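The values are calculated or read from the model by the stated rules, or taken from the named source; none is laboratory data. Note that the coordinates shown come from a computational prediction; the quantities given were computed from them, not determined experimentally. Counting neighbours? That spans all protein chains shown, and the Cβs are built from the backbone with ideal geometry, glycine included. Accessible surface areas use protein heavy atoms only, side chains included; no ligands, DNA or RNA. Shrake-Rupley method; radii C 1.70, N 1.55, O 1.52, S 1.80 Å.
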Amino acid sequence: MPAVISTLLLNHNLALVAVAALLCALSSFAGISLLHHARRTTGAMQMAWLAVAAVSVGFGIWSTHFVAMLAFHPGVAVGYDLPTTLVSLSLAIAIVGGGLWFATVGTSVDDSILAGAVVGLGISAMHYTGMAAVIVGGAIEWDFNLVALSVLIGMALGGAALWMARAATLRGRLGAPILLTLAICAMHFTAMGAAGFANCYAIVTEGTPAWLWLVLSLASILILGLAMGGTLLDLRDRRHGAESARMRELADAAVEGIVIVRQGTITATNRSFRQLVGSEADASGRPLLDFLEAPACEALARAPNATIEGRLRVTGGDIPVEAVAHEIEFQGVRQQAIAIRDVSTRKQAEEHIRFLAHHDALTGLPNRVSFGRQLNQTIEEARSDGRSCSVLCLDLDRFKQVNDLYGHAAGDALLRRVGLILQREVAENGYPARLSGDEFAVVLNATESLDAANRVAQRLLQAFADDMGAPEEDTTISASIGVASFPGDAQTAEQLMSAADMALYRAKQDGRGAYRLFEAAMSDELRDRRLVAHDLASAAEAGQLHLVYQPQVEIASGSVTGLEALIRWHHPERGEISPGTFIPIAEENGLILEIGEWVLRTACREAASWRVPLGISVNVSAAQIHNPSFSRLIHQVLVETGLSPMRLEIEVTETALVRDLTRAVTTLRQVRALGVRVAIDDFGTGHSSLTHLGAFPFTRIKLDQSFVRTFDHNRQSAAIVHAVIELGRYLGTPVVAEGVERQEELAFLTAEGCETAQGFLFGRPAPIAAFGGLQRQRAS
Ligand code: C2E
Ligand code: MG
Ligand code: MG
């Protein structure tokens, strides 16, 4: 080691040594900067930048060596052999180049250290080849320990330099060139200490050849240039790095997936995109086609800034996406930034909305709109093929009552069960749909024979009857079906539906739970009903309506306690029409409110004029007691006519209560509060008679005539008459027996303890004039 220091201090021109060190530092700095830059590129570009880095460092080592040699005075004049000198330069560039390449492709810390050691080897190779170019007499005596040490120092410091150059941080950018400079200088001066020139003599006249000065000057300029270039590149890289980092942060913050694409190849992606495709791996370098289907890629290339739709390949399948491409300048080049949005949720929602627009939400069956379309289509098919097709209209029996008695949840469950049965039974040969409420319909395919409609109707009724539902649902399904066919029964979809409807109406009338095929006579009947409805609207005004009265008699004394007002319609052409015919029609089309008011007012006015203050009973329909102003109307009529509320009794049938029991009871309480009595009519014929008795304190029970009439040949009827009279007694509610025609019936009722009766035996319903004694007061 003393030899190294003494050689450096005594045999060197220190000013030139400083120049050598400066050149060395500049070339090292340039080399490391270029190495960093090469790392950011790929392929041929990377090899080119590595070559420039190798030239920089190679020239640096070489110039350092020769400037240091110029600074060296061994005591004899030395010359240089040009070819060997050039070989030493080539060796330096080649070996250093190899080391830098390995430092670029290597991935581990060990790879970097090994690469640096190769660079160190390159320094030694250059140095000792360069020494071989020295022209001097005699032999240079070598201290091989120092030679070995010089090689080791070069490799060790070279290794440390490239280890530090792994990161492009400030430490890496400054520390690595410093270490590389140290490696070159320390190797050189240690190796110079190993060379002994004591036995040498000069064989050249002139020391340093002019070409060496020239080459060294050129090399210095090259190094200076490269150092400046390296600095500029470094600055640019850092600017790009910062720009990229900012872009990445921005892109990662975006909710949409962003892909940067250059000529169809992905150069960058954001976090959302990686999450979208379900892979954290960077997709850079892969074609966009790997992710986005070809038509979408082409559309994006064709129409920048336009939103296109396509499918994105993701882990485990593909998803619908919306994408838009913009041209941007990224990393110094024009590229395509494609924003990709996952629209699966929106598509699902749209799909659902589309489904809801064509289906019924409760049963999932097609709705009326879809059914209409399908019906038209089937009719068209049948027409063009010369075939026929059939429609089945279904209506659930007593569905309203299920809803009222068991609640809407039970009603919904029932409709769902019907939906399932329809789907199961007819999905293969027809198109089932829910039209509204409890109305369903099926159009059978045009390929089905006419007979198929019969079979399907039977199969459905059987399936309904067999379906038990869940035990807690406690409702069995009963439906009526009407069937009509094209072209036999109708020519258009509308006519076909109306024909099936008429057949359904007949099925309902004939006792429900059955199916009926359309017959031409049905439409006559319906037309007739419509005519009746039409005439009824003006009947009251035309004075065609009048009331008849039927006495209610106290059995024990035979005296009349009250009269029931019963409506009659005298039609100018049809003659007398029974309330049994026209009241249901009036109830169906709402006319009952008007007619009911007329009955109430007429009956009260009439009763108010009687000499004897008998009771007056007025029948009211469901629509009337469900009308919120019903009690107000009664009050108004009582005030108007001056009839004492005590004398008025309204008769409500059980079926009128069923629709909405709570609401009906509320109205009845208001009526009771006026002092008006409320009787339950036709008792025993409705559903849950006892429920109704419990829900409201009726003032009278009118036992239905069907039980009275059949007491002597039907044991059940007799038992019911007995039980109802008992029940009335127990509840403290008087019972009126209706429809008493025969003495035997009267005797039976008397024996059972019934107190009041009504029927042909005591008097048929008759105009008030028939009760002459009553009207006398008016006359006087
Ligand atoms: P309802 O209230 O039960 O009236 C008794 C019905 O039985 C009356 O028939 C009456 O003529 C009939 N009748 C009475 N005694 C006998 C008998 O001994 N034998 C037989 N076979 N029948 C008897 P009508 O007048 O034809 O009325 C039928 C139904 O029409 C009434 O039954 C009632 O529910 C309804 N109705 C009648 N008038 C009105 C009205 O003004 N408003 C409303 N909403 N309904 C009415
Ligand atoms: Mg009645
Ligand atoms: Mg009755």
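The table that follows gives values for the structure above.
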| item | result |
| --- | --- |
| Tabulated pairs, segment 703-727, first outside the structural domain of Thr653 (by TED's automatic domain parsing), second modelled with pLDDT of 95 or more and away from ligand 3 (no atom under 14 Å from the Cβ), C-beta under 7 angstrom, 6+ apart or interchain | none |
| Top-ranked residue in segment 699-708 [being open to solvent by 10 Å² or more (accessible area, probe 1.4 Å) and not basic (Lys, Arg); ranked as nearest to ligand 1 (Cβ to nearest atom)] | Gln705 |
| Verdict on Gly686 being surrounded by fewer than 20 Cβ atoms within 10 Å (Cβ to Cβ), outside any strand (DSSP E or B) and within 16 Å of ligand 3 (Cβ to nearest atom) | yes |
| Output for segment 404-438, where each listed residue is more than 17 Å from Val456 (Cβ to Cβ), more than 29 Å from the chain's Cα centre (by Cα) and open to solvent by 30 Å² or more (accessible area, probe 1.4 Å) | Asp404, Leu405, Tyr406 |
| Qualifying residue in segment 49-63 (condition: surrounded by fewer than 19 Cβ atoms within 10 Å (Cβ to Cβ) and free of Cβ contacts under 8 Å to residues at least 60 places away in the same chain) | yes |
| Residue within segment 559-579 that is touching a residue at least 12 places away in the same chain (Cβ under 8 Å) and loosely packed, with under 13 Cβ neighbours inside 10 Å present | yes |
| Within segment 236-266, considering residues that are of a type in the set (Asp, Glu) and closer than 29 Å to Val343 by Cα, the one modelled with the highest pLDDT | Glu256 |
| Filter pass, Ala757 being in the same structural domain as Gln552 (by TED's automatic domain parsing), surrounded by 14 or more Cβ atoms within 10 Å (Cβ to Cβ) and not in a loop (DSSP other than H, G, I, E, B) | yes |
| Residue match in segment 431-441 (condition: under 22 Å from Ala520 (Cα atoms), in a strand (DSSP E or B) and assigned by TED's automatic domain parsing to the domain that holds Gly364) | yes |
| Flag if Phe711 is open to solvent by less than 50 Å² (accessible area, probe 1.4 Å), within 14 Å of ligand 1 (Cβ to nearest atom) and outside any helix (DSSP H, G or I) | yes |
| Conditions (1) closer than 20 Å to Ile680 by Cα; (2) of a type in the set (D, E, K, R); (3) outside any helix (DSSP H, G or I): number failed by Glu597 | (3) |
| Unique match (being under 54 Å from the mean Cα position of the chain (by Cα) and away from ligand 1 (no atom under 13 Å from the Cβ)) among Phe696, Phe748 | Phe696 |
| Residues being farther than 16 Å from Gly763 by Cβ and either open to solvent by less than 20 Å² (accessible area, probe 1.4 Å) or within 16 Å of ligand 3 (Cβ to nearest atom) (or both) - total across segment 734-748 | 2 |
| Residue list for segment 359-389, restricted to those being acidic (Asp, Glu) and either open to solvent by less than 30 Å² (accessible area, probe 1.4 Å) or in contact with a Gly (Cβ under 7 Å, 6 or more places away or on another chain) (or both) | Asp360 |
| Matching option when the condition is assigned by TED's automatic domain parsing to the domain that holds Val740, within 16 Å of ligand 2 (Cβ to nearest atom) and over 21 Å from Lys702 (Cβ atoms), among Ala539, Ala586 | Ala586 |
| Residues satisfying the stated conditions in segment 259-292, i.e. within 22 Å of Gly317 (Cβ to Cβ) and among the aliphatic types (A, V, I, L, M) | Val259, Ile266, Leu276, Val277, Ala281, Ala283, Leu288, Leu289, Leu292 |
| Trp610 vs. criteria more than 9 Å from ligand 1 (Cβ to nearest atom), surrounded by 15 or more Cβ atoms within 10 Å (Cβ to Cβ), assigned to a loop (DSSP other than H, G, I, E, B) and in contact (Cβ under 8 Å) with a residue 12 or more places away in the chain | yes |
| Check on Thr666, farther than 24 Å from Glu554 by Cα, within 16 Å of ligand 2 (Cβ to nearest atom) and in a helix (DSSP H, G or I) | no |
| Test result for Phe748, modelled with pLDDT under 95, among the hydrophobic types (A, V, I, L, M, F, W, C) and more than 16 Å from ligand 2 (Cβ to nearest atom) | no |
| Those residues of segment 549-566 which are out of contact with any strand residue (DSSP E or B) (no Cβ under 8 Å at 6 or more places or on another chain) and either within 14 Å of ligand 1 (Cβ to nearest atom) or on the phi > 0 side of the Ramachandran plot (or both), in sequence order | Gly558 |
